[in-house]
1. Sticking to Cα atoms, compute the Rg of region 44-165 to one decimal and its Dmax as the biggest Cα-Cα distance, whole number, in Å.
2. Ranked from highest to lowest mean number of other Cβ atoms within 10 Å per residue, what is the order of the peptides 147-155, 100-108, 213-221?
3. For Leu61 and Leu193, what is the calculated FRET efficiency with R₀ set at 25 Å and r taken between the beta-carbons, to the nearest 0.05?
4. How much length is gained if the chain between Ala148 and Glu169 is pulled fully straight, taking 0.36 nm per residue apart and subtracting their Cα-Cα distance, in nm to one decimal?
5. So which aspartates and glutamates can Lys183 reach, going by Cα to Cα under 18 Å and dropping same-chain residues fewer than 8 places off?
6. At q = 0.11, 0.12, 0.13 Å⁻¹, what base-10 log of I(q)/I(0) does the Debye formula yield for the chain when every alpha carbon is treated as an equal point scatterer in vacuo?
7. If you rank Thr40, Thr48 by fewest surrounding Cβ atoms within 10 Å, what's the result?
8. Rounded to the nearest 10 degrees, what's the angle between the helix 153-172 long axis and the longest principal axis of the chain, both from Cα atoms, 0 to 90?
Amino acid sequence: MCLKSPQDLPLNLRIVGMNTASEIDISGLRCYDRVVDGVTYSVPRGITRETRGRVWIVRVLKNSQLLVAARFTDLRFGGTRRALDAAIIHLIHSGHAWRREDVLQLNERTAVHWRKRSGVGLCAVAYVTRSGPGRGETFFLSTWRRVASGRGLEKFRGKLVSVLESAWEIEHQASATPFPVQKSIRQDVDQLLDSTAWQRFLLAGRRKVDQIAVAEYVAALRGPAGS
């Protein structure tokens with residue numbers, strides 16, 4: 001669903017967005033800090049600031065498809081804070097907000113995401129960024145089905161260790177990971193797999209599996225394009 005205008009919001013949400021000065025609860029969303037006129041705002045991913053127009057822009061693009069697009073000006077909503085609140089409500093209402101539990105952060109440069117792959121279904125994929133030029137590295141870890149069943153958990157653990165060792169080697173431009181670092185990485189992975197962050201990440205995977213199933217069911221009901 002692509003919500004192109006603030007007027008696409010239900011009436012009660014439009015009123016809240018325009019008239020409240022309180023911040024919307026964004027504790028479960030992935031955010032970044034943005035300074036506007038000397039004030040730091042916590043802004044969810046999917047929302048950017050256009051300085052010249054004094055406007056918050058909501059834009060969600062996934063798999064090369066524009067899902068959400070809207071503009072919220074300070075003038076229209078009575079200030080920067082209220083315009084941002086309206087943009088946040090719009091993003092949340094669209095169902096395409098990025099949630100914290102959707103990403104399992106291993107360290108500053110390494111994170112695990114759920115990604116749908118053709119013919120395989122939902123998979124766990126790790127990304128390692130580089131400090132210098134280059135796009136970094138991508139590592140396939142496991143399918144959702146194997147991780148959720150528990151059958152592939154030990155192999156998944158081994159791949160997490162391998163990814164973190166690779167991340168260390170990339171960061172330090174080394175050809176191998178020293179034994180003390182390997183030991184520390186294994187301990188960190190064991191703690192991670194026993195954490196609430198891991199459980200939330202699994203629940204996020206379950207939610208994505210359900211979303212995929214619903215989307216495929218709806219597509220099947222509609223039938224082949226052009227039929």
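Please treat every number below as a calculation from the coordinates, not as lab data. Predicted model only: the values in this text are computed from it and were never measured. Neighbour counts are summed over all protein chains in view; Cβ atoms, including those assigned to glycine, are modelled from backbone coordinates with ideal geometry.
1. Answer for region 44-165, Rg first and Dmax second: 18.5, 56 Å.
2. Ranking the peptides 147-155, 100-108, 213-221 by packing returns 100-108, 147-155, 213-221.
3. Numbers: r = 32 Å, r/R0 = 1.30.
Efficiency, rounded to the nearest 0.05: 0.15.
4. 4.6 nm
5. Here the aspartates and glutamates satisfying the reach criterion relative to Lys183 are Glu154, Glu165, Glu169, Glu171, Asp194.
6. After summing over all Cα pairs, the log10 values are -0.72, -0.83, -0.93.
7. Going from sparsest to densest Cβ surroundings: Thr40, Thr48.
8. Helix 153-172 sits roughly 80 degrees off the main axis of the chain.
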